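Asker: First, the structure itself, so that you have it in front of you.
The values are calculated or read from the model by the stated rules, or taken from the named source; none is laboratory data. Only a predicted model underlies this, so the values are computations on that prediction, with no experimental measurement involved. For neighbour counting, all protein chains shown are included, and Cβ atoms are generated from backbone atoms with ideal geometry for every residue, glycine included. Please note that ligands, DNA and RNA were not included when accessible areas were found on the heavy atoms of the full protein model with its side chains. Shrake-Rupley method; radii C 1.70, N 1.55, O 1.52, S 1.80 Å.
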Amino acid sequence: MNFPTLFEFAVEAVAEGFNRGTISIPFCLDSRPSDAIYKELLRLNSEDIKILKNFKNILNITKIEIDCLETYDVLNLSSFSLKSLTLKNIAKLYLKLPDRTHEGAISVDQFLKKIAGLFPSLQSIDISETTFCQDFQFSVFCMAFPNIRVLNISNTNITSLLGIQNLQNLESLKMCNVYIACIDCYKELSELKKLTYLDISKTEISNHRYDPFYKIIKNLLDSEVRMDQLRCIDCSCTVVTRYELVTFSQRHPNLETVVALENMNETTVIPNVNLLNFCETGDILKSLHYSISNRKHNFISTCLQELKSILRFNFNDMSRSELADSMKVMLCIMETHYVDSWTRYDAVGVLSLMFQTGNLGKWSFLEIEIVLRRLFKQVNAMKRTMHMDIIQNLFGIVESIMNAVTARQQIPDALLSVIFLNITKAFTITPDMCLFYLPVLTKLQTEIMNWEQQCMSDDVKYVIAVFEMVDNVFAKREYRHYGGCLKILQFILERSEKSRKYLIEKGLHLKLIEHYNVFEGIRSPLRLEVLKILTFDLLISFS
């Protein structure tokens with residue numbers, strides 16, 4: 001397993017400090033940490049583009065993804081030396097740049113020219129998911145950005161590649177779900193002497209003979225396109241034969257990888273070419289890596305379902321390296337900002353299968369501890385509406401560890417401590433999730449005597465965590481869970497004199513008195529539970 005680097009920890013800490021307003025830096029960072037901090041800010045707060053202007057003297061950002069809901073967001077970033085720009089929702093620009101010639105479409109020529117003028121060092125541009133007006137000229141666009149190396153025009157209504165020969169530095173072209181009306185329009189691809197990656201895939205398979213994507217590889221062959229430096233082509237979800245792929249590879253001697261996900265139902269071998277599909281078990285992880293790096297959302301989901309099936313029925317057939325790689329990829333999915341909540345749910349589902357009680361022997365306890373820390377952190381950072389299903393899978397992992405405890409397996413104190421503290425913190429954030437939290441906390445307090453005596457009695461961090469949980473449940477009036485939380489607090493106080501003394505010294509017992517007064521006012525039986533702690537554990541012992 002690859003553990004987070006010090007750089008990654010530092011980026012995470014600085015981004016959180018920026019997000020909370022607790023960190024200020026008196027100098028400008030280099031582009032590498034700046035881009036990493038921006039990416040982390042995007043994960044923490046999807047609207048961070050609005051606050052980037054506050055960091056123009058601190059961050060030297062070169063890669064930005066923004067929503068074009070307002071031109072202000074884009075046109076006021078000239079202080080950054082951008083090299084990569086993704087323009088999401090560019091179709092919404094009609095609000096600012098109306099085009100009356102075609103209802104629902106936009107004219108973005110002037111806007112893109114402004115972008116070209118503002119960012120002369122731009123090397124990558126993404127204008128996918130856009131409906132251009134009828135008079136939009138792709139050739140004019142290419143002339144405006146002659147130096148770009150990466151271009152994404154996927155899911156647009158561009159129907160001609162005429163003019164693309166002007167992009168002599170182009171190395172990567174993504175044109176997923178783009179229908180080129182004339183076969184001859186492909187010919188200019190032969191003029192791109194530096195092109196190494198081409199994506200001509202679809203997002204859904206279709207065998208209909210009138211589907212314009214039906215013979216896309218054949219169209220490239222018929223137009224006699226030869227891309228001398230091409231190393232990878234993605235033709236997923238298009239209909240293609242083995243003969244066509246072999247012929248295509250023969251015309252492109254530098255071709256190393258063909259991605260053909262969900263369009264070949266038989267094992268196919270292409271000489272000297274790495275073929276990614278789902279016909280072989282070993283290809284799933286490779287396909288998953290590719291899908292994540294290229295943001296193939298549909299294929300990520302498909303790969304995860306395939307991986308789940310393997311883990312359910314053939315877990316013992318997976319090598320240690322494959323398991324470690326799977327775990328690393330699942331954590332990457334959880335920490336990738338553009339991944340939706342359903343995909344994260346599937347990723348945690350994969351982890352829950354990997355860490356079932358019978359499989360724990362395959363892992364070191366340090367690996368399990370790190371996985372739980374990172375998962376809890378991600379869940380706690382999510383919005384309440386997003387993480388209900390994810391928590392269910394996360395607690396599947398926790399339950400497996402608890403089952404191991406019940407079976408008297410030796411579980412390190414550090415791991416149990418991580419579980420206890422993270423669950424109390426999660427409970428503090430969302431007390432309405434007690435259905436998952438309380439049973440685990442109760443099992444920890446009743447079945448792990450050795451851990452209780454060595455840890456809880458010596459470290460006040462446990463009583464601090466539990467008291468915050470109790471107080472938050474009270475503040476949010478989740479009274480149906482208050483009694484269960486209070487029992488855990490009482491459990492700790494009965495066994496730790498240090499914890500009782502801490503509550504008195506910090507005046508936390510006064511908050512318990514407030515709780516008692518409220519319950520007394522509404523004649524709630526919970527007042528008696530609070531009174532037990534106040535009179536026995538605290539007042540008698542330390543009055």
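Asker: Of a type in the set (Val, Ile, Thr) and at pLDDT below 80: is that true of residue 448 in this structure?
Answerer: Judged against the criteria, residue 448 is a match.
Asker: Next question, about the same structure. Can you pull out the residues in the stretch 178-195 that are within 35 Å of the chain's Cα centre (by Cα) and surrounded by fewer than 18 Cβ atoms within 10 Å (Cβ to Cβ)?
Answerer: 179, 193, 194
Asker: So for the stretch 317-328 (the condition being closer than 24 Å to residue 203 by Cβ, free of Cβ contacts under 8 Å to residues at least 60 places away in the same chain and open to solvent by less than 40 Å² (accessible area, probe 1.4 Å)), does at least one residue qualify?
Answerer: no
Asker: Then there is this: Which of the following residues is at pLDDT 85 or above and assigned to a helix (DSSP H, G or I): 417, 400, 352?
Answerer: After ruling out the rest, the residue left standing is 352.
Asker: Out of everything in the stretch 468-479 that is open to solvent by 10 Å² or more (accessible area, probe 1.4 Å), in contact (Cβ under 8 Å) with a residue 24 or more places away in the chain and not in a loop (DSSP other than H, G, I, E, B), what residue ends up being nearest to residue 417 (Cα to Cα)?
Answerer: Applying the filter and picking the extreme gives 468.
Asker: Quick one: residue 203 ticks every box in (1) modelled with pLDDT of 90 or more; (2) within 33 Å of the chain's Cα centre (by Cα); (3) of a type in the set (Val, Ile, Thr) except a single one, so which number is it?
Answerer: (1)
Asker: Restricting to the stretch 176-199, name every residue that is part of a helix (DSSP H, G or I) and at pLDDT below 90.
Answerer: 183, 184, 185
Asker: Still on this structure: In the stretch 109-135, how many residues are farther than 21 Å from residue 203 by Cα and open to solvent by 30 Å² or more (accessible area, probe 1.4 Å)?
Answerer: Looking only at that region, the number is 11.
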